[in-house]
Amino acid sequence: MKRLAQIFVIVFTIVACQSRSQNSIAYKPSLWDFFRPDSIRGPIVSAHRGGPEKGYPENCLETFEHTLSSVCAVIECDVRLTRDRRCVLMHDAALNRTSNGVGLVSEKTLSEIKELFLKDPGGRLTNYRIPTLDEALQWSDKKTVLFTDIKPEVPPDSVMAIIRRNNAADRVVVVTYTAVEAGTYAALDSNLMISCNICQPDDFYRVLNYGVRRDRIVAFTGTSVPDSALIGLLHRNGIACIVGTMGNLDKKALARGDAIYEEILVKGTDVIATDRCKAVGIIIQNFTIATKRKARCVSDVF
């Protein structure tokens, strides 16, 4: 009887594990390890909207490739939904600013979107097209990690379905803005890496209360110089910290010099999300050398 009971336990465990694996994405442990803060590896750049510059539009695969040719970076991109419910890379709700299209993304079918060409930051038309999220995930394989900023109209389950069918879980961090949103994605798959807005300690505990695992969090601490105590709390919990310099801090650095980035790095920031990828990449490289660390390279993920 005891032998039968042992066999039952073994069979039950196998069945339970198979059931869980069917409802969750198979993740490599290396993605969390890659972001995990330590004293051995230096910080890394997050290329805001992929790192657009003259001749290279935002949210464009060719731009992503161009950025990686000059700086070791993760890539942030934006996701919107077309009229026929396909996910494409686009920041604005309207097409006018970044393409030769007119009107809302949500009013166009994917085939209509694919007829358009993207503009660079100066408004010059390029030969580059608007990619789908599927295409971006396929492109990223063995190249970098994508931070996907999912716009409100895009259903989380659609995003997860795309990640699953591209077997892309080891190279995606989903960007969320509220603890509720983070909890929604965590409920869909508890293994998903999630960027959570954590600007004060209460934000951290709130995210945990919504079911997000500590070892699945990357913390976005805001767009100002971070608080050392907050970074200390997050680091003690094994959580990497992102500071967004795009916009205000990048402009301040252009006007007054790059010391602001060094201040952010000294505070313990692990990732700088910036519009000045190349300049910040050099600053991070120098900081890494000065602090006798090794470069945090995305190739380590793969």
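I need a count of the residues in region 111-122 that are assigned to a loop (DSSP other than H, G, I, E, B) and in contact (Cβ under 8 Å) with a residue 24 or more places away in the chain. Before you say what the answer is, go through the steps one by one.
Filtering region 111-122 down to residues assigned to a loop (DSSP other than H, G, I, E, B) leaves 114-117, 120-122.
Now narrow it down to the ones that are in contact (Cβ under 8 Å) with a residue 24 or more places away in the chain: 120-122.
So the count comes out to 3.
Under the condition of being under 20 Å from PRO156 (Cβ atoms) and part of a strand (DSSP E or B), which residue from region 78-110 is farthest from the chain's Cα centre (by Cα)?
LEU81
Looking at SER70 and the list (1) out of contact with any helix residue (DSSP H, G or I) (no Cβ under 7 Å at 6 or more places or on another chain); (2) of a type in the set (Ser, Thr, Tyr); (3) in a loop (DSSP other than H, G, I, E, B), which single condition is not satisfied?
Among (1) out of contact with any helix residue (DSSP H, G or I) (no Cβ under 7 Å at 6 or more places or on another chain); (2) of a type in the set (Ser, Thr, Tyr); (3) in a loop (DSSP other than H, G, I, E, B), the lone unmet condition for SER70 is (1).
Output the residue which, of all residues in region 93-109 that are small (Gly, Ala, Ser) and surrounded by 14 or more Cβ atoms within 10 Å (Cβ to Cβ), is nearest to ASN127 (Cα to Cα).
Pass one, region 93-109, residues small (Gly, Ala, Ser): 93-94, 99, 101, 103, 106.
Going one step further and asking which of them are surrounded by 14 or more Cβ atoms within 10 Å (Cβ to Cβ), we end up with 93-94, 99, 101, 106.
Working: ALA93: 21, ALA94: 20, SER99: 11, GLY101: 14, SER106: 23 Å.
Per the criteria, the residue is SER99.
Would you say ALA219 is free of Cβ contacts under 8 Å to residues at least 40 places away in the same chain, within 26 Å of TRP139 (Cα to Cα) and either surrounded by 18 or more Cβ atoms within 10 Å (Cβ to Cβ) or not small (Gly, Ala, Ser) (or both)? I'd like the intermediate steps shown before the answer.
Details: free of Cβ contacts under 8 Å to residues at least 40 places away in the same chain: yes; within 26 Å of TRP139 (Cα to Cα): yes; either surrounded by 18 or more Cβ atoms within 10 Å (Cβ to Cβ) or not small (Gly, Ala, Ser) (or both): yes.
Taking the combined requirement at face value, the residue satisfies it.
Within region 139-177, track down each residue that is surrounded by fewer than 16 Cβ atoms within 10 Å (Cβ to Cβ) and not in a helix (DSSP H, G or I).
Correct list: ASP141, LYS142, PRO152, GLU153, PRO155, ASN167, TYR177.
Kindly indicate the residue of region 210-263 that is of a type in the set (Val, Ile, Thr) and either touching an Asp or Glu at 6+ places or on another chain (Cβ under 7 Å) or outside any loop (DSSP other than H, G, I, E, B) (or both) and also farthest from ALA279 (Cα to Cα) among those meeting that condition. I'd like the intermediate steps shown before the answer.
Filtering region 210-263 down to residues of a type in the set (Val, Ile, Thr) leaves 212, 217-218, 221, 223, 225, 231, 239, 242-243, 245, 260.
Add one more test, that the residue is either touching an Asp or Glu at 6+ places or on another chain (Cβ under 7 Å) or outside any loop (DSSP other than H, G, I, E, B) (or both), and what stays is 217-218, 225, 231, 242-243, 260.
Details: ILE217: 27, VAL218: 23, VAL225: 18, ILE231: 24, ILE242: 17, VAL243: 16, ILE260: 12 Å.
Within region 210-263, the match that is farthest from ALA279 (Cα to Cα) is ILE217.
Please list, ordered by first then second residue, the pairs with beta carbon atoms under 7 Å, 6 or more apart or interchain, first in region 138-149 and within 13 Å of LEU31 (Cβ to Cβ), second among the hydroxyl-bearing types (Ser, Thr, Tyr).
Filtered contacts from region 138-149: LEU146/SER140; PHE147/SER46; PHE147/SER195.
Go through ARG85, ARG80 for me and flag whichever is in contact (Cβ under 8 Å) with a residue 12 or more places away in the chain, farther than 30 Å from LYS267 by Cα and surrounded by fewer than 18 Cβ atoms within 10 Å (Cβ to Cβ). Even if it seems obvious, please write down each step before you answer.
Details: ARG80 fails: surrounded by fewer than 18 Cβ atoms within 10 Å (Cβ to Cβ).
Just a single option satisfies the conditions, and that option is ARG85.
Does region 145-159 include one or more residues that are under 22 Å from GLY55 (Cα atoms) and in contact with a Phe, Trp or Tyr (Cβ under 9 Å, 6 or more places away or on another chain)? Reasoning before the result, please.
So the first thing to find is which residues in region 145-159 are under 22 Å from GLY55 (Cα atoms), and the list is 146.
Narrowing the set further to residues that are in contact with a Phe, Trp or Tyr (Cβ under 9 Å, 6 or more places away or on another chain) leaves 146.
Yes, region 145-159 contains at least one residue that is under 22 Å from GLY55 (Cα atoms) and in contact with a Phe, Trp or Tyr (Cβ under 9 Å, 6 or more places away or on another chain).
Among SER158, SER99, which is the only one that is in contact with a strand residue (DSSP E or B) (Cβ under 8 Å, 6 or more places away or on another chain) and over 19 Å from LEU188 (Cα atoms)? Talk me through it step by step, then tell me what you get.
Values: SER158 fails: over 19 Å from LEU188 (Cα atoms).
Answer to the check: SER99.
Read the figures in this text as sums done on the coordinates, not as results from a lab. What you are looking at is a predicted structure, and each value in this text was computed from that prediction instead of being measured. When we count neighbours, we look across all protein chains shown, and the Cβ atoms used for this are built from the backbone with ideal geometry, even at glycine.
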